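Data first, discussion second: the structure below is written as structure tokens.
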Amino acid sequence: MSALEERWSPEENEFTTKYTQCIQCAFVTDEPFSCELYQQSKPEFVLNSQRECPKFKSNNPIIISSMDDKTKEIAGGIFGLCTGDFLGLPVEFGTRTERILDPVTELRAYGTYNQYFGVWSDDTSLSLCLTESLCEGYNPSDIASKFIKYADEGYWTPNGKAFDMGRTIKQSIENMKEGKPPLLCGMKPEENNGNGALMRILPAAYLLKNETDEKVKIRIVEEICSLTHAHPISKLACIFYTETAIRLLKKDLPFLAYANAIDFVLKHCSRMYEMVMPLYSRVFSGTLQIMPESKVKSGGFVVESLEAAMWSFLKSNKYAECVLKAVNLGEDTDSIASIAGGLGGIYYGIENIPENWLNMAARKEDILTLCKTFADKVYK
Ligand SMILES: [Mg+2]
């Protein structure tokens with residue numbers, strides 16, 4: 001039995017979840033191993049961990065046409081980030097050379113964490129915790145309590161278990177559990193500047209879209225970031241990214257949103273962030289889109305991740321192109337694709353996320369319900 005076949009072995013009981021099944025296999029079930037085709041012939045396409053079953057068709061597809069415009073706007077960004085996350089997850093930590101030899105062009109499964117199709121990671125989990133909390137208004141203690149639930153109980157995870165929590169997030173959630181004030185829980189050392197706050201800041205853009213007081217806007221983003229990442233390098237990335245997303249929500253074209261976000265940061269953050277501004281010189285030069293791919297780093301350091309995500313977004317003309325570009329940079333593929341995918345989802349809209357990807361998302365109905373609730377609350 002090959003390694004790939006083993007991955008389909010029924011002993012791997014984490015697959016017994018409520019994932020959508022291939023409707024054409026005529027076997028809709030909670031248990032993928034009950035798939036009739038699999039039982040009879042163990043077809044090659046099922047055993048190949050690199051591809052989705054080509055017969056897949058969701059049994060319960062998301063109907064975009066029935067959504068109201070506000071829900072659509074929110075679902076665009078949220079599903080945009082989620083889809084980037086699960087597209088990148090199977091190849092997380094793979095090098096760029098691996099991706100050049102074996103580029104991701106379609107949805108994959110298994111890989112790095114041996115997860116099923118459409119399973120997303122901490123990037124999405126924490127974004128959904130934040131979204132849910134913001135439905136009741138902005139309250140750092142409530143966000144912190146949802147993060148604790150995520151770590152302890154697998155709250156807002158596809159399988160009920162947090163499987164890839166970053167070091168900084170783990171430490172700050174430990175601080176929250178010890179009862180420290182939430183805004184003092186984030187890690188301050190310079191080494192704690194992974195992309196863990198940037199990858200979950202997108203919902204703040206919806207909350208702050210119509211905030212006219214720049215100081216309030218900046219403070220709230222800084223605080224949400226500080227729950228886990230309290231260093232100015234991380235905060236500046238979150239401010240810039242949130243502003244880019246807000247500009248896209250206000251219908252700026254990508255390059256204008258980019259230019260406006262740069263103006264915003266230079267105008268409002270130059271003094272306070274003077275020490276860390278030089279790290280972002282390439283982002284703030286306004287020329288990321290002409291940077292050759294060889295110069296784009298794609299690791300977990302927040303500056304790299306922001307550059308890589310912006311580069312992928314600015315260099316693309318479609319949602320799929322944006323997230324695949326991000327994934328094929330290699331390294332921190334799930335986070336970079338989810339950061340890029342959040343912007344791509346807002347700009348191109350949920351109707352332009354490939355249907356077979358969107359419908360593969362684990363817990364898609366729950367996510368959609370949350371988007372609807374959030375739309376009712378933030379756009380009331
Ligand atoms: Mg992740």
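The values are calculated or read from the model by the stated rules, or taken from the named source; none is laboratory data. Owing to the predicted nature of the structure, the values given are computational and were not obtained by experimental measurement. Note that we place each Cβ from the backbone using ideal geometry, even for glycine, and neighbour counts take in every protein chain shown.
Remarks
- Flag for Ala362 being at pLDDT below 95, small (Gly, Ala, Ser) and either part of a helix (DSSP H, G or I) or within 29 Å of Thr71 (Cα to Cα) (or both): yes
- Hey, Arg282 out of contact with any helix residue (DSSP H, G or I) (no Cβ under 8 Å at 6 or more places or on another chain) and charged (D, E, K, R) or not: no
- Any hit, segment 352-365, residues being touching a strand residue (DSSP E or B) at 6+ places or on another chain (Cβ under 8 Å), in the same structural domain as Leu256 (by TED's automatic domain parsing) and either touching a residue at least 12 places away in the same chain (Cβ under 8 Å) or more than 27 Å from Tyr116 (Cα to Cα) (or both): no
- The set of residues in segment 94-129 that are within 15 Å of the ligand (Cβ to nearest atom) and touching an Asp or Glu at 6+ places or on another chain (Cβ under 7 Å) comprises Thr112, Tyr113, Trp120, Ser121, Asp122, Asp123, Thr124.
- If the condition is being more than 10 Å from the ligand (Cβ to nearest atom) and over 9 Å from Ala309 (Cα atoms), then segment 328-342 contributes Asn328, Leu329, Gly330, Glu331, Gly342.
- Some residue of segment 93-108 being of a type in the set (Phe, Trp, Tyr), assigned by TED's automatic domain parsing to the domain that holds Ile201 and part of a loop (DSSP other than H, G, I, E, B): yes
- Selection from segment 209-252 of residues that are over 24 Å from Asp142 (Cα atoms) and touching a residue at least 60 places away in the same chain (Cβ under 8 Å): Ile233, Phe240, Thr244, Leu248, Leu249
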